[in-house]
Amino acid sequence: MFVRKQNVKNDGHDYKYLKVVENVWEKGHTKQVTLVNLGNVTHWPKEKLHDLVEVLGRFLSMEVVNLADVEIFDCRSLGPFLILNHLWEEIGLDRIITQAIASRAVSHKARPVLLPVAEYVRAMVFNRLVDPRSKKGVSEWLPRDVFIPGLIPEELSLHGYYRALEYLSEASTPIEQALHARFADLFNRDISLVFYDLTSTYFEGTQCELAKYGYSRDHRPDCLQIEIGLLVDADGLTIGHRVFGGNVADVATVLGTLESLQEDFKVRRCIFVADDGMASEDNLKAIEDKGYEYITSLSLGKSVVGAQLMQTCPPKKDFTVIEHNLLIHPLMADETVRYIGTYNPLRAASTRRHRKERLRACLDYLKQRQELRSKRPSERSNRTTELQATQLIVSKRVQELIRLERDPQGNWVGRLNKEAIRRAKKQDGMLILQTNTKTLTDAEVATGYRTLWKVENAFRHIKNLIRLRPIRHWSDPRVLGHVCVCVLAYTLECLIERKLQQAKVPLSAREAITEMQSLMVATLKTEQRQVTKRSNITQTQQRILDAIGVPPVPTIWHEAKTAEND
């Protein structure tokens, strides 16, 4: 159906006729049929044609709009929150959080919690994944920049975010217990291997009682810090977390974690996997007393057994190739413990290259200082060289490989410790594992231990992408609540990654979230009505939505008459 204009000449005058026609197929050919004849419109002004269109629009209950008169405002991001909302609801996190906090209030004989804590937590978790900000920043970001279906920003106050953190800190364990049970139902969760590691994160303030000075993995010894222990399964999904004071040693965190694993999560049998920082004799005995098996590594620099095994370790050519970057060889076994040597040639080459670079930096510095002193000799300059060279050698972690000595002219020079370098080369790429498990082969033990990188990957995401640090809260409950928000955000990111892999979508969770950010909603306003409408969905965005399982996304999200037409 279309409008046809017909020009007719009569008595030297030009006339214009308008018809509404459509093409029909009749007897093997196309025939044009007139539906409406508007007659001679030669002398109709343009406004009259507009009036005609408006009359037809009112008759059909449709608004006819000139695009130039349409106001567009309140553009906000929608895409990431479609997938995050779907996962949030699929897991049932609103219900889990609400029930955990309500049961906590009953057990403490406290007044019922009237604050919608689950909504505040949802806003904070989503913000960590999309655009991490402070809690004040979240309260400004939510009503201005994003559209989260089901959340009403005007109902969430800034003070409510801080209160929600306090409630969350008290209910984090029951929340993780419920999530553990839910994942067992959804994914048939495998916890035959449980991985544990510890990290630290620093503070900007000084008021938190948990925060202490300690060994800083963030290289910020000047800041107070807390320690965070994380338990994950073989798929990288979090089981639970614990927060410790900043000066707690790694080995001191294991006993409490084992109790949590057995009492909170009802894990009766599993293989506990941790690095050499957790492998004290007391901890290994405690693991066995709980009925668990373990896989851990030995410190090649501190462990007496590790040093002895390295001395008797056969050449790398005798190792069995499991993967291109994993070779293994049984070293020693008795009735209770096995020791397995593993070798990674790629890591060995990388370690060797970095060691050469660090040694070269130290030797080059000493050479430059020697040339400078030859031009301007002074004892003060020599003392400065000694001090700065010592600091450089320590910072490069080569103090066992290079010694400072004076040459016959009194200059400080570096002498390589060739025996120490030979021992270091032998250890390059090597790892010695110890385990008491009888159910896994040597190859399975080695590949199982390598999965410990998923905990390290979790810490890297939580710290750098979800931006756990720096922590600016000063009260313990808010600090604990903030850590819980970050762990929940990482859990959702893992679920996104899992679903994308299952659907064979070649994107990481982070890339998918970024891709979805261009899917927006905007409010369009005309004289008669106001609508909130989404932008078009790209092919890649639709693949992501399908992978996550999001149902068809409405085009129009809200529609209302304008005030003058009420």
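The values are calculated or read from the model by the stated rules, or taken from the named source; none is laboratory data. The structure displayed is predicted, hence computed values, not measured ones. Virtual Cβ from ideal backbone geometry, glycine too; neighbours counted across all protein chains shown.
Can you find, within the range 415-433, the residue that is surrounded by the most Cβ atoms within 10 Å (Cβ to Cβ) among those that are small (Gly, Ala, Ser) and in a helix (DSSP H, G or I)? First the steps, then the outcome.
First, pick out the residues of the range 415-433 that are small (Gly, Ala, Ser): 420, 424, 429.
The next check asks that each one be in a helix (DSSP H, G or I); those that pass are 420, 424.
Numbers: 420: 15, 424: 18.
The qualifying residue surrounded by the most Cβ atoms within 10 Å (Cβ to Cβ) is 424.
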Restricted to the range 238-268 and to residues being without any contact (Cβ under 8 Å) to a residue 24 or more places away in the chain, assigned to a loop (DSSP other than H, G, I, E, B) and of a type outside the set (A, V, I, L, M), the residue nearest to residue 462 (Cα to Cα) is 266
Taking the residues in the range 6-50 that are loosely packed, with under 10 Cβ neighbours inside 10 Å and of a type in the set (Lys, Arg) as candidates, determine which candidate is farthest from residue 65 (Cα to Cα).
27
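Inspect all residues belonging to the range 53-69 and state whether any of them is within 20 Å of residue 158 (Cβ to Cβ) and either at pLDDT below 95 or of a type in the set (A, V, I, L, M, F, W, C) (or both). Full working, then the answer.
The first filter runs over the range 53-69 and keeps only residues within 20 Å of residue 158 (Cβ to Cβ), leaving none.
No: zero hits.
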State whether one or more residues within the range 156-165 are surrounded by 15 or more Cβ atoms within 10 Å (Cβ to Cβ) and either of a type in the set (Lys, Arg) or assigned to a strand (DSSP E or B) (or both).
yes
Which one of the conditions (1) under 27 Å from residue 325 (Cβ atoms); (2) at pLDDT below 90 does residue 356 fail to meet, given that it meets all the rest?
(2)
Looking at (1) assigned to a strand (DSSP E or B); (2) within 30 Å of residue 75 (Cα to Cα), which is the one condition that is false for residue 202?
(2)
Does residue 300 satisfy the condition of being within 30 Å of residue 407 (Cα to Cα) and crowded, with 18+ Cβ neighbours inside 10 Å?
no
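Among the residues of the range 309-330, is any in a helix (DSSP H, G or I), of a type outside the set (Val, Ile, Thr) and surrounded by 16 or more Cβ atoms within 10 Å (Cβ to Cβ)? First the steps, then the outcome.
Pass one, the range 309-330, residues in a helix (DSSP H, G or I): 309-312, 316-318.
Okay, now just the ones that are also of a type outside the set (Val, Ile, Thr), so 309-311, 316-318.
Right, trim to surrounded by 16 or more Cβ atoms within 10 Å (Cβ to Cβ) and you get 309-310.
Yes, the range 309-330 contains a residue that is in a helix (DSSP H, G or I), of a type outside the set (Val, Ile, Thr) and surrounded by 16 or more Cβ atoms within 10 Å (Cβ to Cβ).
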Inter-residue pairs, beta-carbon under 6 Å, first closer than 17 Å to residue 218 by Cβ and in the range 438-463, second at pLDDT below 85 and among the aliphatic types (A, V, I, L, M), 6+ apart
462/468
Only one residue in 142, 129 is closer than 22 Å to residue 462 by Cα, among the aliphatic types (A, V, I, L, M), in contact with a Pro (Cβ under 6 Å, 6 or more places away or on another chain) and not in a loop (DSSP other than H, G, I, E, B). Which one?
142
Assess whether residue 534 counts as being surrounded by fewer than 16 Cβ atoms within 10 Å (Cβ to Cβ) and either at pLDDT below 95 or closer than 30 Å to residue 198 by Cα (or both).
no
With the structure loaded, tell me whether residue 289 is at pLDDT 90 or above and exposed (fewer than 11 other Cβ atoms within 10 Å of the Cβ) or whether it fails that test.
no
Just to be sure I understand, how many residues within the range 209-232 are surrounded by fewer than 23 Cβ atoms within 10 Å (Cβ to Cβ) and in a loop (DSSP other than H, G, I, E, B)?
14
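Hey, which of the helices (runs of 4 or more DSSP H) in the range 436-532, taking only ones fully inside, have at least 3 residues that are more than 28 Å from residue 245 (Cβ to Cβ), among the β-branched types (Val, Ile, Thr) and in contact with a strand residue (DSSP E or B) (Cβ under 7 Å, 6 or more places away or on another chain)?
Correct list: empty, since no element meets the threshold.
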